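The values are calculated or read from the model by the stated rules, or taken from the named source; none is laboratory data. The structure presented is a predicted model; accordingly, all values stated were derived computationally and were not measured. Cβ: placed from backbone, ideal geometry, glycine included. Neighbour counts: every protein chain shown. The protein model used for the area step is the full one, side chains on, heavy atoms only, and it has no ligands, DNA or RNA in it. Shrake-Rupley method; radii C 1.70, N 1.55, O 1.52, S 1.80 Å.
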Amino acid sequence: MKKNLKYNIAWVAIAAVVYGILLALYNGGMITIFTDAIIVNIGINIISAVGLNLIIGFSGQFSLGHAGFMAIGAYACAIVTSQNPTYGGFVIGLILGMVLSGIVAFVVGMPTLRLKGDYLAIATLGISEIIRILIVNFRDITNGPSGIFGLPQVTTWEVVFIFAVIAILVVSNLINSAPGRAILSVREDEIAAEAMGINTTKYKVLAFVIGAVLASIAGTLFASYQQSVFPKDYQFMKTIDILIIVVFGGIGSTTGAVLSAVVLGVLNMYLQDFGYIRMILYALTLIIIMIFKPSGLLGTWEFSVKRIIDKFTKKGDDANASVGR
């Protein structure tokens, strides 16, 4: 427990350095409205990608329902804050979205996660579309296809940064825990895991629920930053956008998901000047990476504070032992 605390403190220290750099850039007037939007969207994509990577990369379940859970978070925030445009309303909307997403993921996950491969992908895609269609048709609550706008902008880059750090810490600590090892065992060989007495359905649902909750948080932050929410923002292509980030960075690597979100966000920013050619160049970049590095930028490699700290701690212990002799 003390070791985990030590590693978490190290992660928070790294996050504090990154935060300090961003703060200096903002205070120095080097960040424009456009680059601020890029930074915020990168942070939101990190939260979404880390959650989807937990489902696909670590538990080995191919889900295409991420956009639906983002929609739940976005609309929960929009409905609450449109009636209560305060920080308190935002927090209530955030929590409500997380709870609803967790419940839906649990109820849906119990039967669907018994499926595998393409069948699971189709089932989760269907769930996402059902959520979107319900949003479109519940006009009295969601305002239908017209969406909800005029929301208070509570989301800032600082808020997104804090939630991104929390998301990374939650997933990293989970994977390095006993339940996390059970989740990994399901990915490696589900039949062998069941033979060892692991309740595979339980751990698949656990990963699915946590991933859905993180997607809901991302949806809430996105809706608040955009100050509006529309059903078209959470169509199938939204899930594909997040899936591209996960695959591009390396399936099964949280570090890869973070790096990929940053790289693709910056790439998208610089390609804005190319107009309609932008999407062609963007797609071409992805194709080149997949041809020459099919495992993604980092594969399954993970940046580990634990390895670094243990390495220096061991060197220090060896030095002390030498002095003692």
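Against the condition of a type in the set (A, V, I, L, M), open to solvent by less than 60 Å² (accessible area, probe 1.4 Å) and at pLDDT 80 or above, how does I245 come out, does it pass? Before the answer, list the steps.
Values: of a type in the set (A, V, I, L, M): yes; open to solvent by less than 60 Å² (accessible area, probe 1.4 Å): yes; at pLDDT 80 or above: yes.
In short, yes.
Hey, among the residues in the range 256-294 that are surrounded by 11 or more Cβ atoms within 10 Å (Cβ to Cβ) and of a type in the set (S, T, N, Q), which one's nearest to I46 (Cα to Cα)?
S260
Report yes if G211 is touching a His at 6+ places or on another chain (Cβ under 8 Å) and either at pLDDT 90 or above or open to solvent by 60 Å² or more (accessible area, probe 1.4 Å) (or both), otherwise no.
Yes, satisfied.
For the range 274-293, indicate whether the set of residues that are among the basic types (K, R) and either at pLDDT 80 or above or within 25 Å of G57 (Cα to Cα) (or both) is non-empty.
So far as the range 274-293 goes, yes, one or more of its residues are among the basic types (K, R) and either at pLDDT 80 or above or within 25 Å of G57 (Cα to Cα) (or both).
Could you grab me the full set of residues in the range 137-194 that are open to solvent by 40 Å² or more (accessible area, probe 1.4 Å) and of a type in the set (D, E, K, R)?
Scanning the range 137-194 gives R139, D140, E158, R181, R187, E188, D189, E194.
Among the residues of the range 195-208, what is the count of those that are open to solvent by less than 20 Å² (accessible area, probe 1.4 Å) and modelled with pLDDT of 90 or more?
Result for the range 195-208: 4.
State whether one or more residues within the range 5-15 are part of a helix (DSSP H, G or I), more than 24 Å from V262 (Cα to Cα) and in contact with a helix residue (DSSP H, G or I) (Cβ under 8 Å, 6 or more places away or on another chain).
yes
Kindly evaluate L22 against the criterion of being among the hydrophobic types (A, V, I, L, M, F, W, C), touching a Phe, Trp or Tyr at 6+ places or on another chain (Cβ under 9 Å), at negative phi and open to solvent by less than 70 Å² (accessible area, probe 1.4 Å).
yes
Against the definition (closer than 30 Å to W301 by Cα and in contact (Cβ under 8 Å) with a residue 24 or more places away in the chain), how does V50 come out, yes or no?
The answer is yes for V50.
Residue-by-condition table, conditions (1) surrounded by fewer than 14 Cβ atoms within 10 Å (Cβ to Cβ); (2) more than 19 Å from the chain's Cα centre (by Cα); (3) assigned to a helix (DSSP H, G or I):
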site: G89; (1), (2), (3): no, yes, yes
site: G102; (1), (2), (3): no, no, yes
site: M110; (1), (2), (3): no, yes, yes
site: L115; (1), (2), (3): no, yes, no
site: T124; (1), (2), (3): no, no, yes
site: E129; (1), (2), (3): no, yes, yes
site: R132; (1), (2), (3): no, yes, yes
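If we scan the range 56-76, do we find a residue that is among the polar types (S, T, N, Q) and part of a helix (DSSP H, G or I)?
no
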